[in-house]
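All of the numbers you see were taken from the coordinates with simple rules; none came from a lab. Treat the numbers as computed from the prediction; the structure is a model and nothing was measured. Cβ coordinates were reconstructed from backbone atoms using ideal geometry, including for glycine residues, and neighbour counts include every protein chain displayed.
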Amino acid sequence: MKPLWADTDADTEAEMIRLLRNASVAKRFELADALTTSVISLSRRALAKKRPEVPEAEILLEWVGLHYGRELERELRDFFQARPERLENLE
């Protein structure tokens with residue numbers, strides 16, 4: 001079998017795959033959720049690092065636009081413009 005990871009030796013990779021295959025559905029979901037949370041956090045942090053002067057709420061709206069589309073971003077902007085107190089809760 002061709003290795004999946006270039007930086008992991010074959011025995012370690014085989015053990016990782018065995019552990020994943022034997023894990024319960026709940027454990028696999030927990031791992032996927034943790035990975036998703038990490039990736040989202042890192043991508044938001046990258047946006048914030050690129051533009052440190054921009055408020056966190058603006059970064060979140062930009063992130064939505066990048067990942068879910070500009071139309072949803074515009075709808076959220078309209079929503080929060082009509083309800084500024086809710087936007088403050090995002091930060």
Highest-first arrangement of 70-81, 53-64, where packing means the average Cβ count within 10 Å: 53-64, 70-81
Spatially proximal aspartates and glutamates relative to K27 (Cα-Cα < 20 Å; intrachain offsets below 8 disregarded): E13, E15
Shape call, the stretch 8-50: gyration tensor on alpha carbons, a/c limit 1.5: oblate
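Between T36 and E13, 0.36 nm times their residue separation minus their Cα-Cα distance comes to what? Kindly include the intermediate steps, with their values, before the conclusion.
Numbers: separation 23, 0.36 × 23 = 8.28 nm, distance 2.12 nm.
That pair, T36 and E13, stretches by 6.2 nm at full extension.
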Structure-derived percent of Cα pairs over 17 Å apart: which label, when the choices are (1) 66; (2) 46; (3) 62: (1)
Whichever aspartates and glutamates have a C-alpha closer than 17 Å to that of K49, once near sequence neighbours (fewer than 8 apart) are set aside: E58, E62, E91
Computed [θ] at 222 nm, helices only, for the chain once each DSSP H run of length n ≥ 4 contributes -39500 (n - 2.57): -25500 deg cm²/dmol
Relative contact order of the chain, defined on C-alpha pairs under 8 angstrom at six or more residues apart (%): 17
